[in-house]
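Okay, so here's the structure we're looking at.
The values are calculated or read from the model by the stated rules, or taken from the named source; none is laboratory data. Nothing here was measured: the structure is a model prediction, and the numbers come from that model. Counting neighbours? That spans all protein chains shown, and the Cβs are built from the backbone with ideal geometry, glycine included. In case anyone asks, the SASA skips ligands and DNA or RNA and just uses the protein heavy atoms, side chains included. Shrake-Rupley method; radii C 1.70, N 1.55, O 1.52, S 1.80 Å.
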Amino acid sequence: MKQAANIVTGLRLLLTLLLLFTEPLSFIFFSLYLSCGISDMLDGYIARKTNTASSTGAILDSIADSLFLLVTAIKLLPVLHLPTWLLCWTLFVLAIRLLSYLVGFVKYRQFVSLHTYLNKLTGLLLFLSPLLYLFLSINILGIILVILAVASACEECWITFISKTVDRDRKSLFFH
């Protein structure tokens, strides 16, 4: 099925919207949350295995990832009581990401989001953070997340700035 990966991504969009109607940190919340994470891993796998990866699918995946992050933040930020320093660093990372998107748009006339190893590692840790929050202090978890998020955002921005063409699957600043 040629659209299987995009259907899975669409399912993640639907599951993400359902998260809006759940109680944060409840069983239903974590069930939907984990289902979104599994579908995120699954859509890329399906696209690669069926040789149906496309730029449209990559953009749809990035939109689904961004929506998932936004909805999760809407649900979790009010209940996690994050320290001010962590919120400030989050805004700093967001500013770098927005700069990267602006550079990509100005340079290529399209939305550019890269699937680098650092972005994937940051995304995985960010995804696991509600679970890790049960075992680590918010300060330790926050420091780890901030270091990775700043590094991945800076890397993506720099790659976008120096690249002559869009390569959404570029793995790192140091190698393709």
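What's the number of the condition residue 137 fails, among (1) over 18 Å from the mean Cα position of the chain (by Cα); (2) closer than 20 Å to residue 37 by Cα; (3) open to solvent by less than 90 Å² (accessible area, probe 1.4 Å)?
The failed condition is (2).
Quick one: in segment 110-123, which of the residues that are in a helix (DSSP H, G or I) and hydroxyl-bearing (Ser, Thr, Tyr) is most open to solvent (accessible area, probe 1.4 Å)?
Step by step, filter segment 110-123, then rank; the result is 117.
For segment 11-109, list the helices (runs of 4 or more DSSP H) that sit wholly inside it and hold at least 3 residues that are touching a residue at least 12 places away in the same chain (Cβ under 8 Å), in the same structural domain as residue 139 (by the TED database) and open to solvent by 40 Å² or more (accessible area, probe 1.4 Å); which are they?
84-108
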